[in-house]
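The structure appears below as C-alpha cells.
Nothing in this text is a laboratory measurement; each read-out follows from the coordinates by a stated rule. Bear in mind the structure is a predicted one, so any value in this text is a computation, not a measurement. When we count neighbours, we look across all protein chains shown, and the Cβ atoms used for this are built from the backbone with ideal geometry, even at glycine.
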Amino acid sequence: MGEDTDLTGDVVSDTHERHGSGTGGERAARRDEAVRAAVEQGLLGPGSPLVGLLDVTGIRESAARLRAAFEEVTAPGTPVLHAFAVKATPLVPVLRLLREEGLGAEVASPGELALARAAGLAPARTVLDSPAKTPAELREALALGIAVNADNPQELHRIDAMMRSAPSRSRLGIRVNPQVGGGSIEALSTATATSKFGVALRDEGARAWVVRAYAERPWLSRLHAHTGSQGIPLALMAEGVAETYRLAEEINRRIGRPQIDTIDIGGGLPVNFASDETAPTFAEYARVLKRTVPGLLDGRYGLVTEFGRSLLAEHGTVVARVEYAKSAGGRPVAVTHAGVQVATRTVYAPGAWPLRIAAYDGKGRRKEGPEVVQDVAGPACFAGDLLARGYPLPLLAQGDYAAALDTGAYYFAHHYAYNSLARPGIHGFVRDGAGGVVFATVREAQTVEEIVAESGGAHTDALTILDAPRRR
C-alpha cells in the first residue's frame with residue numbers, strides 16, 4: 001500500500017491545478033490514475049472489492065469556483081458564508097478540507113453538528129436547519145452560538161422561551177417556503193405548495209405572521225429559503241430567492257429599519273450526471289441571481305449559501321470488483337460488489353438518478369474494446385439491485401472493475417445496510433508530483449465485527465430473557 005498522508009495537506013504544488021478552473025478531462029485523467037494506483041497499491045483487489053475514492057484536487061477547485069462565483073457578483077465587502085450541506089458527504093475529513101478552503105457547515109441533525117464540531121468548524125460558521133429540532137438541540141445550538149433558522153411558529157415559540165431565560169449570540173432567522181413550484185424530481189422539491197419545510201408564504205395569513213414575528217423580535221436578523229435541488233432549473237431557483245428577497249425588503253420597510261441583514265439562499269445547484277462537463281456552474285447561477293434579483297447583491301445584505309451535491313458529486317468515484325461475469329436471456333451481466341448499499345437512490349429510482357459507469361481491467365486500466373450492452377449488478381439479494389441496466393461498455397469480465405462516476409455526494413457516505421453489507425472504505429487522493437498518486441484514509445471499511453455490534457450483538461439474549469416469564 002502507498003504512502004498515507006493528511007487529506008488536508010497541500011501536496012499539489014501547481015497553483016493552477018489546485019485552484020484553477022479544472023476541466024472535465026483533467027478530472028477524468030486524475031480519476032483514471034487513481035483507480036490504477038488503487039489496484040497497484042492494494043486498496044482494490046480480491047480482498048478489498050469495493051472502495052470510494054475522493055479527488056482532493058477537484059474538491060479544492062470546486063470550493064474555489066464557488067467563492068469566485070459570488071465574489072464576482074456581490075458588492076465589495078459583502079459578508080458571504082458558504083456553508084457546506086453536511087448531509088451530502090458527512091465525513092469529518094471532508095468537512096476539515098472544506099474548512100481549510102474557507103467554507104462553513106450547514107447541519108440538519110445532532111449527528112451532523114457533531115461531525116462539524118469534530119472537523120473544527122467554528123460555531124459562527126455553522127447553520128442549523130433541521131425541520132424537527134428538539135428542545136435539547138435548540139439549547140445546544142443557542143449555547144454554542146450556532147445560527148438557527150426556525151422552521152415554523154411552534155419552533156419559534158420554543159426559541160422565545162430560551163432567549164428569555166438565556167439570551168444567545170446565535171444569528172437567528174425564520175425559514176420560509178416561497179411556494180414557487182417543484183422540479184422534475186418530486187421527492188426533492190422543497191418549494192412546492194405542500195412542502196414540509198418552512199412557513200408556507202402563500203397560505204392564508206402566513207406572510208403577515210412572518211412580518212409580525214420579526215417586528216416583535218428584534219433579535220431575528222436572518223431570513224432563509226431553499227428552493228434548489230437536483231431537477232430544479234436555475235430560473236426557478238432564482239425566483240425562490242427573489243421571493244425571499246422581496247419579503248426581506250417588506251419586513252425591513254414595515255419595521256422601519258434594516259433588521260434583516262442576512263439572507264440565506266440555500267443551495268441545491270443541480271449536477272450534470274451525463275458527462276464530465278460541469279453544468280450548470282456556480283458562476284452561471286450567480287449571474288442568474290445578478291440578473292433576477294440585483295438588490296440582493298448590492299451590499300445591503302450578507303449572504304449564506306448551502307451547497308452540497310454540486311461541491312462534491314463530481315469528485316467521488318465508487319469502484320467495485322467484478323466477482324462474476326455471466327449471461328441471462330442473452331444479455332451479459334457483471335455481478336459486482338456495488339449496488340443498493342451504496343447507490344440506494346439509483347437502484348430504487350434509476351430514472352431520476354442514473355449513473356455513468358466506467359470499465360477498468362484487472363490492473364485498474366481503462367478498458368478498451370467494442371461496447372456491449374450489459375447489466376452492471378450489485379451484490380444484494382433482489383433482482384432490481386442494478387447499478388446500470390442495458391449499459392454500453394467494453395465487456396466486463398471476472399476480475400475487472402466497474403466504477404460508478406460522480407458519486408462524491410449522497411452515495412458512498414450514505415450507507416444502506418441491505419443484507420448486512422459492509423460500508424466500504426473511503427480514500428482521498430492527490431497526484432504526488434512525480435507521476436504517482438498518494439492516498440489518505442478518510443474512513444476505514446466496516447468490519448464484520450462492527451456489523452454484529454451494530455445489530456445488537458451485545459444483547460444476544462435480550463428477547464429470550466424478556467419472554468421467559470410467559471413461557472414459565
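Brief remarks on what is shown
- Cβ-Cβ FRET estimate between residue 154 and residue 465, R0 fixed at 60 Å, reported to 0.05: 0.90
- Each residue of segment 346-362 was assigned a 3J(HN,Hα) from its phi angle through the Karplus expression (A = 6.51, B = -1.76, C = 1.60, θ = phi - 60°), giving 5, 5, 8, 9, x, x, 8, 10, x, 10, 7, 10, 10, 9, 10, 7, x Hz with x at Gly and Pro.
- Beta-bridge orientation, the chain: approximately 50 percent antiparallel, per DSSP, counting only bridges with both partners inside.
- For the chain, the average shadow cast by the Cα convex hull is 26.8 nm², which is a quarter of the hull's surface.
- With 0.36 nm allotted per residue and the present C-alpha distance subtracted, the residue 276-residue 449 stretch has 58.4 nm of extension available.
- Local net charge near residue 272, Cβ-Cβ under 15 Å (Lys/Arg +1, Asp/Glu -1): -1
- Rounded FRET efficiency, nearest 0.05, which uses the C-beta distance separating residue 211 from residue 166 and R0 of 25 Å: 0.40
- Projecting label points 7 angstrom from Cα along Cα→Cβ for residue 33 and residue 324 puts them 3.8 nm apart.
- Distance in nm between pseudo-label sites at residue 235 and residue 331 (7 Å out along the Cβ direction from Cα): 3.7
- Highest-first packing order for the peptide set 392-403, 448-459 is 392-403, 448-459, based on the mean count of other beta carbon atoms within 10 Å.
- Ordering 277, 204, 155 by the number of other Cβ atoms within 10 Å of each residue's own Cβ, fewest first, gives 204, 277, 155.
- Net length gained if the chain between residue 458 and residue 132 were fully extended (0.36 nm per residue, minus Cα distance): 114.3 nm
- Kirkwood Rh in Å, taken over segment 57-311 so that all alpha-carbon pairs contribute: 18.2
- Paramagnetic label reach from residue 381 (point 7 Å along Cα→Cβ; backbone nitrogen cut-off under 16 Å): within segment 387-430, residues 417-422.
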